[in-house]
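**Student:** The structure is given below, and queries will be raised subsequently.
The values are calculated or read from the model by the stated rules, or taken from the named source; none is laboratory data. Values in this document were obtained by computation on a predicted structure and should not be read as measured data. FYI the Cβ positions are ideal-geometry reconstructions off the backbone, even for glycines, and counts take in every protein chain you see.
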Amino acid sequence: MPRLLPVALALIGIATPALMRAQSPATPPEQRQQAQRQAAITFEQQGQFPEAEAAWRAILRTHPSDIEPYAHIALLEARQQHYKEAIVLYRRALALDPRLPGLRLDLALALFKDGNLNEAIPELNRLLKDAPPNPPQAQRLTILLAMAHYGLAEYAQAVPYFQRAAAADPNNLPLRMALAHSCLWSKQYQCVLDVYQQILTLNAESAEADMLAGEASDELKDRDTAIAQFRAAVKVDPNQPDAHFGLGYLLWTRKQYAEAAPEFEAELAINPAQIQAILYLGDTRMQLGQPDKAQPLLEKAAQLDPSLWLAHLDLGLLDASAGRNDDALREMRLAAKLKPDEVSIHWRLAQLDRKLGNTAEAKAEYAKANSLTQSADESVYKKMTGPHAPTPGRQPVLGQTNP
């Protein structure tokens, strides 16, 4: 017995007559195709995808230019998450009739779900441009475009779509969080702070939002506000990943090591594998004059990520203070190789070489340090005296950056 027939018998008598008419030689071709079509649709409605696909493919064999089977088979493949197969079929259907309602949207969705975002974006843009004045449909396309750019790390391009979508849905918190992230990663820091205020009206206690605002404030050199926002994040959710680290790092930049250390430790209690927390806790312990506590932390950080120049510099300093001069030179030279433009490394190397009597090496390192310092000073001077220099006595607008 053909495979389709027993399955059809189970479909409460709906598909059975259709299939029997489709298989009967006495049935005229047009009625036979209509019976196959009815059987395929019934299989779809019942969730019998393999049987539905077989029925549609049977129609294709006799009517290869019929668009409907391609569209239905593509939809069946997409429902089974076979997006690559669906994309091929949707494109064949579009080649036959690009005006078929919903077909281009189905193609765009298949491309999006398959992760083929670069190809999904033009399709979504075309749909949004041609969309009728239908707010739900336009909103859906706008969000898909925002997420497509977001998924490609094209955060600046994602921002206007997220802004449009958020404006159309004032109470949607996830949209505003995604917008805030996009603003931060595209270096639009004032945008982050503006969205942060909107988020607070929807959720006054959001550790994630506090952290985003803290990062933006830090980038704008408003360290006091940044620290306050990270403290707020820690207060709202003491277990929020990276909240303690962010606060600890900001305190570390101010050389408030005694306050920074507990924050790094709190971060490691949440996530023991947080490499940056291990590194900065090690450096903090060294700055606090606790070499026995610093050494294992720095060694662990360097082992987990050998590219951490600060770990190698600190290990070199610890070795030098303990009289392990060969080890100190090896670690510091590795740090210089990893971060050749870091002035402090060359100064430390120069001092160590001079102490060891390596006169030529010490002069070379001093020369590198002086050159880097002079280049940095010249860069600052150009910024201060260039066409976009701030007017004396006038503070720049918060978030405004020079081109």
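**Student:** Residue pairs, Cβ under 8 Å, 6 or more apart or interchain, first in segment 360-373 and crowded, with 17+ Cβ neighbours inside 10 Å, second assigned to a helix (DSSP H, G or I) and acidic (Asp, Glu). List them.
**Tutor:** These pairs meet every condition: 361/353; 362/353; 365/353.
**Student:** Sticking with this structure for a sec: Can you report the number of residues in segment 320-340 which are of a type in the set (A, V, I, L, M, F, W, C), touching a Gly at 6+ places or on another chain (Cβ under 8 Å) and over 14 Å from residue 302 (Cα atoms)?
**Tutor:** 2
**Student:** A further question follows. How about segment 57-97: which of its residues are of a type in the set (Ser, Thr, Tyr) and either surrounded by fewer than 15 Cβ atoms within 10 Å (Cβ to Cβ) or in a loop (DSSP other than H, G, I, E, B) (or both)?
**Tutor:** Correct list: 62, 65.
For (1) at pLDDT below 85; (2) closer than 28 Å to residue 127 by Cα; (3) over 40 Å from the mean Cα position of the chain (by Cα), each residue gets a yes or a no:
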site	(1), (2), (3)
12	yes, no, yes
20	yes, no, yes
33	yes, no, yes
46	no, no, no
49	no, no, no
83	no, yes, no
96	no, yes, no
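**Student:** Further question on the same structure: Return the pairs, sorted by first residue and then second, in which the second residue is surrounded by fewer than 16 Cβ atoms within 10 Å (Cβ to Cβ) and not hydrophobic (A, V, I, L, M, F, W, C), the first residue lies in segment 113-132 and is over 12 Å from residue 90 (Cβ atoms), the beta carbons are less than 7 Å apart, and the residues are 6+ apart or on different chains.
**Tutor:** 117/151; 131/137
**Student:** Suppose we keep only residues that are under 21 Å from residue 120 (Cβ atoms) and either of a type in the set (Gly, Ala, Ser) or touching a Gly at 6+ places or on another chain (Cβ under 6 Å) (or both) within segment 169-197. Which one would you say is surrounded by the most Cβ atoms within 10 Å (Cβ to Cβ)?
**Tutor:** Among them, the one singled out is 182.
**Student:** Go through 122, 101 for me and flag whichever is surrounded by fewer than 22 Cβ atoms within 10 Å (Cβ to Cβ) and modelled with pLDDT under 90.
**Tutor:** 101
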